[in-house]
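First up is the structure itself, then whatever we jot down about it.
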Amino acid sequence: MRIGIPLPGGAMNPRPAPNHVVDVAVVGARVAGSALAARLATAGLSVALFDRAAPQQPTLSTHILHGTEDLRIEGVYGELLAAGVPELREVRVRIEDIELPLRHDDAPGMCPPREILDQILLDRAGAAGAKAFIGTPVVGLLDGDRARVGGVVVQAPDSSVSEVRARLVVGADGRNSSVARWVGAREYLSSRSERALVWRYFRGKQLPPVLHWHRRGEHIVSILPTGAGEFVLIAQPPDRAQAELADPDPGTLVRHAERVSPRIAELARGAEPAGPPRRIVRYPCYFRQPYGPGWALVGDAGHGKDATLGQGINDALRNARLLAAALVESWPDVDALDGGLRRWARDRDRMELANYWYGQDLGRAVPVTAMERAILLGIQRSPAACRRLDDVMADRLAADRLLTPSRLLAAGARRIRAGEAPWTVAGDAGELVSLAWRRRRAAARQDPTAPAIR
């Protein structure tokens, strides 16, 4: 039975019944947690979904979906359109003086405000039969049989605690996952972004349905419409320069954009802020051991790329979908369940690794290198390569399918034809080959830290 105070959007704030028992307890009711809970409940499993905060409260996010296939698969794309979130059929990338206009009419992007997306996913989980306990933080884990995690300890709004027994506990509680900490999940290939992420919502000006992403020197700025007369302005400065954007004056972020991209500043100028600026600084990037006896980690709790890539929401939806499939296929046999989780974990790393490295490259707070510029010029001249770049940005294609050895050779030849010394070009190419080899070795060994980029 659900008891509690209704929250905006129809979510509930109940207290779990004493000795509550479920198949799966999901900790975290944002994108990954709600999407997973909906799929498991639809398959007939009993699911309890916990979160300390309501979806209407802000959360750290890259906001961007370069492609919306995952939203369509989850069945929420139409609801987002009905909520006024526009399709973004065009992306205008500008890196220094290199322009890369991209179109994807058959798979448009989108930038839904997180409070809208998260609430829709949470409502969908409830409609599927998952029991949502919002405003009810999980404060610990329970021991189960055979040295497995056996459930969660939750705290009610009146500070009383209760136990919820579960065959499986899934941490979907973000980069600072408590579940990961409690189970001692091992991190590997970890690093920290050299960039800060600063964003602010604005209203009162209608923008064209286009994603603008511009990079100049060490700086990146982007602007995306989020609704009727609403947009978000995002800056990704070097970490050492983020303090200059701490001023809450609405003009601060726009003036910064002016220095990086007059076009983006022009689009933003004249609107009024719809909330304070928000930022994350030196955020971690990592893989975490994603499962163990009686537990699993999904979404950012288990894996986080550099936010410069803007693939966190797509990653979370795909990761949750594949985890749900692995659980449903083997449920409730414990041995089969552990085997399914092992295969899911292996596939997760295989799918995410190439774009993880690409995100690390984008997250470097340095100007574009001569070799990167030569590669970009080659992409600009090839419509097929531009489509592949669009697919990489939309998380439909692994970056190593675009940044191939043949493309590196062509870029090197382009530099030599332009008059650069062959030994300089060969040295730059050698550094990239060395880095690729060190990354491959580090991934195979699951080294604690990612190889440094020299």
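Within the stretch 401-423, the set of residues being exposed (fewer than 13 other Cβ atoms within 10 Å of the Cβ) and assigned to a helix (DSSP H, G or I) comprises Arg401, Pro405, Ser406, Leu409, Arg417, Pro422, Trp423.
Among the residues of the stretch 115-123, is there at least one that is among the charged types (D, E, K, R) and surrounded by fewer than 17 Cβ atoms within 10 Å (Cβ to Cβ)? Yes, that holds for at least one residue. Across the stretch 86-119, the number of residues qualifying as of a type in the set (A, V, I, L, M) and farther than 21 Å from Val221 by Cα comes to 3.
Cβ-Cβ distances below 6 Å connect the following pairs, each with a first residue in the stretch 334-352 that is surrounded by fewer than 16 Cβ atoms within 10 Å (Cβ to Cβ), a second residue that is at pLDDT below 95 and in a helix (DSSP H, G or I), and a separation of six or more residues or different chains: Ala336/Ser330.
If the condition is being surrounded by fewer than 19 Cβ atoms within 10 Å (Cβ to Cβ) and in contact (Cβ under 8 Å) with a residue 24 or more places away in the chain, then the stretch 268-278 contributes Gly270, Glu272, Pro273, Ala274, Gly275, Pro276, Arg278.
Restricting attention to the stretch 194-244, the residues that are among the aliphatic types (A, V, I, L, M), more than 17 Å from Ala268 (Cβ to Cβ) and touching an Asp or Glu at 6+ places or on another chain (Cβ under 8 Å) add up to 2. Each residue in the stretch 232-258 was checked for being over 19 Å from the mean Cα position of the chain (by Cα), more than 15 Å from Ile95 (Cα to Cα) and hydrophobic (A, V, I, L, M, F, W, C), and 6 pass.
This table checks each residue for (1) touching a residue at least 24 places away in the same chain (Cβ under 8 Å); (2) surrounded by fewer than 22 Cβ atoms within 10 Å (Cβ to Cβ); (3) assigned to a helix (DSSP H, G or I); (4) of a type outside the set (A, V, I, L, M, F, W, C).
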| residue | (1), (2), (3), (4) |
| --- | --- |
| Glu244 | no, yes, yes, yes |
| Arg263 | yes, yes, yes, yes |
| Glu266 | no, yes, yes, yes |
| Ala296 | yes, no, no, no |
| Asp315 | yes, no, yes, yes |
| Arg321 | yes, yes, yes, yes |
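Out of Ala385, Ala394, one residue alone is surrounded by 20 or more Cβ atoms within 10 Å (Cβ to Cβ) and not assigned by TED's automatic domain parsing to the domain that holds Leu317. It is Ala394.
Where strands (runs of 3 or more DSSP E) fall entirely within the stretch 118-199, none has at least 1 residues that are free of Cβ contacts under 8 Å to residues at least 24 places away in the same chain and not assigned by TED's automatic domain parsing to the domain that holds Gly299. Of the residues making up the stretch 237-260, one or more are in contact with a Pro (Cβ under 9 Å, 6 or more places away or on another chain), small (Gly, Ala, Ser) and farther than 30 Å from Glu372 by Cα.
When the stretch 66-96 is filtered for residues that are small (Gly, Ala, Ser) and within 14 Å of Thr226 (Cβ to Cβ), the ones remaining, listed by number, are Ala83, Gly84. Report, by residue number, each residue of the stretch 113-163 that is of a type in the set (Ser, Thr, Tyr) and farther than 16 Å from Val47 by Cα. Correct list: Ser159, Ser160, Ser162.
Residues in the stretch 366-382 that are surrounded by fewer than 21 Cβ atoms within 10 Å (Cβ to Cβ) and among the small types (Gly, Ala, Ser): Ala370, Gly378, Ser382. Comparison of Ala196, Ala235, Ala228 shows that the only residue that is touching a His at 6+ places or on another chain (Cβ under 8 Å), small (Gly, Ala, Ser) and more than 30 Å from Leu323 (Cα to Cα) is Ala235.
Filtering the stretch 200-222 to residues that are within 19 Å of the chain's Cα centre (by Cα) and either without any contact (Cβ under 8 Å) to a residue 60 or more places away in the chain or not in a strand (DSSP E or B) (or both) leaves only Val221. For the stretch 430-449, taking the residues that are among the hydrophobic types (A, V, I, L, M, F, W, C) and more than 22 Å from Ser406 (Cβ to Cβ), the one that is nearest to the chain's Cα centre (by Cα) is identified as Ala443. Here is the figure for the stretch 351-383: residues that are farther than 30 Å from Gln446 by Cβ and within 26 Å of the chain's Cα centre (by Cα) total 4. Identify the single condition in (1) under 20 Å from Arg92 (Cβ atoms); (2) surrounded by fewer than 18 Cβ atoms within 10 Å (Cβ to Cβ); (3) not charged (D, E, K, R) that Trp199 does not satisfy, given that it satisfies every other one. That leaves (2) as the condition not met.
The values are calculated or read from the model by the stated rules, or taken from the named source; none is laboratory data. What you see is a predicted model; the values in this text were computed from it and never measured. Reconstructed Cβ throughout: ideal geometry from the backbone, glycine too, with neighbour counts over all protein chains shown.
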